[in-house]
Amino acid sequence: MATPTLEKREAGFADSPYITATFRIRRFNPEVSEHAVWEDFQIEIDPKERVLDALHKIKWDVDGSLTFRRSCAHGICGSDAMRINGKNRLACKTLIKDINPEKPITVEAIKGLTVLKDLVVDMEPFFQAYRDVMPFLITKGNEPTRERLQSAEDRERFDDTTKCILCAACTSSCPVFWNDGQYFGPAAIVNAHRFIFDSRDEAGEQRLEILNDKDGVWRCRTTFNCTDACPRGIEVTKAIQEVKRALITRRF
Ligand code: SF4
Ligand code: FES
């Protein structure tokens, strides 16, 4: 028996919550072919479920070789960023009903990083850029005898950038990063921002010099792709602009 359409189900004309949805997944297995191919999977699924649930269903019930990363399944670990219907999203935060399941839903690996298998990319260049900006508190002098105090206003200056989960949705949506993987990318700048604007940190100048590099913040073309892609709602482009301004004024 055919499953009801999403329209009928939402209008309450259908008993079953399930619909038939087609997932068009870009598959790549270097042990089989040097070319990636699109493969369709039709599954019965409740559209209130998430794309990650659909991928699990395909992997567990249809094709165990489908390869993707995920861990927390709740938007915290940042491991399941992928391109869904052409847009970078977290599979665990994307409801099927919100991405038009009446049409095939495309799922592919994020761009700009080497695909290892199916939806899994090599994250090493991404994490190297993160490490390069020294994403940890740096202080000089003697250890304090009590905690380092900070006003609420000072904390507010970098509140937004503390929310990053290192999913790479921003960096892999950036056309500058696609064109040459040398650019530090938005995520590394966001994480530099988090410490540059922290009143307790004492290595802001060093981080700014690192980002003053030819592959640093000046490569940003302010396309806002990063801000649109961020599943945490971080104002990524604004953070990049603040780092650029700090480089010019040397005030932060
Ligand atoms: S800034 Fe947003 S999109 Fe970029 S890595 Fe962090 S959480 Fe992901
Ligand atoms: S699985 Fe952890 S963020 Fe999606």
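Every number here is computed from the coordinates shown, using simple stated rules; none is lab data. Treat the numbers as computed from the prediction; the structure is a model and nothing was measured. Every residue, glycine as well, gets a Cβ built from its backbone with ideal geometry; the counts of neighbours run over all protein chains shown.
Values as computed for the structure displayed
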quantity: Highest-fluctuation residue, ALA187, ALA169, ALA73 considered, GNM on the chain with Cα pairs under 10 Å; calculated: ALA73
quantity: Proxy reagent accessibility, fewest Cβ within 10 Å first, across THR223, THR237; calculated: THR223, THR237
quantity: Cα-based Kirkwood hydrodynamic radius, segment 75-168, one decimal, Å; calculated: 16.7
quantity: Distance from segment 205-252 to segment 27-82 (C-alpha centre basis), Å; calculated: 33
quantity: Selected from ILE210, ILE240, ILE196 as most flexible by GNM, with the chain as the system and alpha-carbon contacts under 10 Å; calculated: ILE210
quantity: With Cα atoms, 0 to 90° folded angle of helix 186-196 axis to the chain main axis; calculated: 40
quantity: 3J(HN,Hα) from dihedral phi, segment 127-137, Karplus parametrisation 6.51/-1.76/1.60, rounded to Hz, x for glycine, proline; calculated: 6, 5, 4, 4, 5, 4, 8, 6, x, 8, 5
quantity: Cross-link pairs beyond the 24 Å C-alpha cut-off, checked among LYS117/LYS238; LYS93/LYS117; LYS87/LYS117; LYS103/LYS163; LYS97/LYS117; LYS140/LYS163; calculated: LYS117/LYS238; LYS103/LYS163; LYS97/LYS117; LYS140/LYS163
quantity: Estimated inter-spin distance, GLU44 and ASP213, nm [label 7 Å along Cα→Cβ]; calculated: 5.4
quantity: Extension gain, ASN29 back to CYS77 (0.36 nm per residue minus Cα-Cα distance, nm); calculated: 14.8 nm
quantity: Exposure proxy ranking, count of Cβ atoms within 10 Å, fewest first, for THR20, THR106; calculated: THR20, THR106
quantity: Total charge dipole magnitude, the chain, about the Cα centre, Cβ charges on Lys, Arg, Asp, Glu only, Debye to nearest 20; calculated: 520
quantity: Overall form of the chain per C-alpha gyration tensor (a/c, 1.5; a/b vs b/c); calculated: prolate
quantity: Neighbour-count ranking [beta-carbon atoms within 10 angstrom, fewest first] of HIS74, HIS193, HIS56, HIS35; calculated: HIS35, HIS74, HIS56, HIS193
quantity: Folded to 0 to 90 degrees: helix 236-249 orientation relative to the chain principal axis, Cα; calculated: 20
